[in-house]
Amino acid sequence: MISLRPKCPFLSPVFIQGIPFKGMSDADIVQPLNNLKTLKAPHSTFLIAEKLVFEVIRMEVIENSKLESFHYRLLAVLGAIWAFIAVNTIAASLIIPLLKEEPAFQGSLAKLGSLGSAALFGMLFGAWLFGILADRIGRKKALTLAVVTFSLGSIVSSFAGSLDELIALRFIVGLGLGGSLPVASSYFAEFMPKSVRGAMISILESFWAIGTIIIGVVALLVRADWRNILLFGGAILLILPLLLTLPESPRFLLVKGRISEAEEILRRIFGVDVKLQKPGEEQKRTSIADLWRKYSRRTLMLTVAWFSIAFAYYGFFIWLPKFLSATLGITVFKSFQYFIITAIAQLPGYWSAAYLIERIGRKKTLSSYLFLSGIAGVAFYLAASSANEAMILSSAILFSFFNLGAWGAIYAYTPELYPTSVRGTGTGWAGAMARIGGGIAPILAGRIMEVSGAALAVLVIAVVSIIGALDVLILGEETMGKELA
């Protein structure tokens, strides 16, 4: 095969089979795509008419592309889904203080904490189930099923008649939430050019902050009516038709041997006919064992990192209104207002991480933000002992900034550590580890609060975040600028 560097910024390098261009320069070979020209080479002729047809081995068309209108449409649709994943996840932290006002929903802090954990344990199984489905039936189909699951589950849970019933329904919601996160991130990453992939994934992750702000505002608008808060979580069904208009990932289609479908999708997006070379063999079914057999170091690193970041996030934010009311002596309604302020800090956290991961790399950004969120947690613990309102709120804002920036970095980092054949399974495993950490944290934090107070619970959360930072620093490998395999 002969390497050819065309004058198309998003198609370099590509390969053309069987055409001997010995002695010809790039200028002789490649002309503007709208020209009609016969290329004369020794013993062969290659015709270009209207559009150049390329025979490629990898997805250079995607890897070296510029952002097209399609990329922004994809960001808008998946961003809306991402925001409503946040809406449905954070809803638990807002309804827990409200349930104590209803006799049928009374319980200890640990029992109320299990309301947040139920969705997270559902997310554990959902991440595993939908991650495998994504590698077998496709990213788009798996994501659609996951979105329908959590949307309908949220609507039904708003009619729960007891705490136990609500906990069971929140588990079902969690199945869909857990599936949506890793599948959406893999789906999005597989369309992104390598030059902006990390930043774009961080921007996608920033929609989490938007969802968090939205549900906080909704809670104030509905005057803290917990049923309406949950009912709002099902509104994402309204954009489901937009999701159905998106194409399947051409990377997935290629490894499944569905070549013509992948070529047609690339033609529609980039306006260039691309002939994809069939892989040597059709993709075999993948399993979690493949992750540990072939990618043990990076899988271990991600296991600890995802557990730590989720433990810190869910342990802190599921109980944040309670932490604030307990340490500051404020009302639940006032704590909701402070909650929104801390949520707003998440946006610059994401944006700063999106900037840094393309400058200093994924590994340094993730480990730094995890460490600094841990330091902010330690500051919250120290401020709580003196009930200093300004220091408590400032440290909560800093924790929110750095923890959510770390989420932006880890979502950009994870898909790049696995090849296409196991990417869905790998991101699903990572998501599952996050659900274990996130599922344990609310129950443990609730128990610590009952025994020793809110400040100590935050200190434990801070220590776990610092452990995650050290894990990434020691075991992580840099992926900035690398093509997806």
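The values are calculated or read from the model by the stated rules, or taken from the named source; none is laboratory data. Treat the numbers as computed from the prediction; the structure is a model and nothing was measured. Cβ placement follows ideal geometry from the backbone for every residue including glycine, while neighbour counts extend to all protein chains displayed.
Only one residue in GLY198, GLY233 is crowded, with 24+ Cβ neighbours inside 10 Å, in the same structural domain as ARG362 (by TED's automatic domain parsing), small (Gly, Ala, Ser) and modelled with pLDDT under 85, so which one is that? That would be GLY198, the only listed residue that is crowded, with 24+ Cβ neighbours inside 10 Å, in the same structural domain as ARG362 (by TED's automatic domain parsing), small (Gly, Ala, Ser) and modelled with pLDDT under 85.
What helices (runs of 4 or more DSSP H) completely inside the range 315-371 contain at least 1 residues that are of a type in the set (D, E, K, R), out of contact with any Asp or Glu (no Cβ under 9 Å at 6 or more places or on another chain) and in the same structural domain as THR89 (by TED's automatic domain parsing)? The qualifying helices (runs of 4 or more DSSP H) are 320-328, 332-344. Every condition in (1) crowded, with 24+ Cβ neighbours inside 10 Å; (2) under 12 Å from ASN88 (Cβ atoms) is met by THR149 except one, and the failing one is (1).
Among the residues of the range 431-447, at least one is farther than 20 Å from LEU320 by Cα, among the small types (Gly, Ala, Ser), crowded, with 22+ Cβ neighbours inside 10 Å and touching a Phe, Trp or Tyr at 6+ places or on another chain (Cβ under 6 Å). Can you find even one residue in the range 158-171 that is closer than 20 Å to LEU238 by Cα, touching a residue at least 40 places away in the same chain (Cβ under 8 Å), hydroxyl-bearing (Ser, Thr, Tyr) and surrounded by fewer than 24 Cβ atoms within 10 Å (Cβ to Cβ)? Checked the range 158-171: at least one residue is closer than 20 Å to LEU238 by Cα, touching a residue at least 40 places away in the same chain (Cβ under 8 Å), hydroxyl-bearing (Ser, Thr, Tyr) and surrounded by fewer than 24 Cβ atoms within 10 Å (Cβ to Cβ). The residues in the range 448-458 that are surrounded by fewer than 19 Cβ atoms within 10 Å (Cβ to Cβ) and either in a helix (DSSP H, G or I) or not assigned by TED's automatic domain parsing to the domain that holds ILE85 (or both) can be counted, and the count is 4. The single condition among (1) at pLDDT 85 or above; (2) in the same structural domain as PHE339 (by TED's automatic domain parsing); (3) within 20 Å of TYR187 (Cβ to Cβ) that GLU261 does not satisfy is (2).
Yes/no per residue for (1) in contact with a strand residue (DSSP E or B) (Cβ under 7 Å, 6 or more places away or on another chain); (2) more than 22 Å from ALA83 (Cα to Cα); (3) of a type in the set (D, E, K, R):
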| position | (1), (2), (3) |
| --- | --- |
| PHE323 | no, yes, no |
| ARG359 | no, yes, yes |
| TYR369 | no, no, no |
| ALA376 | no, yes, no |
| ALA379 | no, yes, no |
| LEU382 | no, yes, no |
| SER385 | no, yes, no |
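Determine, yes or no, whether ARG223 is more than 29 Å from SER65 (Cβ to Cβ) and either assigned by TED's automatic domain parsing to the domain that holds ALA160 or at pLDDT 85 or above (or both). So that I can check it myself, show each step before the final result.
Numbers: more than 29 Å from SER65 (Cβ to Cβ): yes; either assigned by TED's automatic domain parsing to the domain that holds ALA160 or at pLDDT 85 or above (or both): yes.
Taking the combined requirement at face value, the residue satisfies it.
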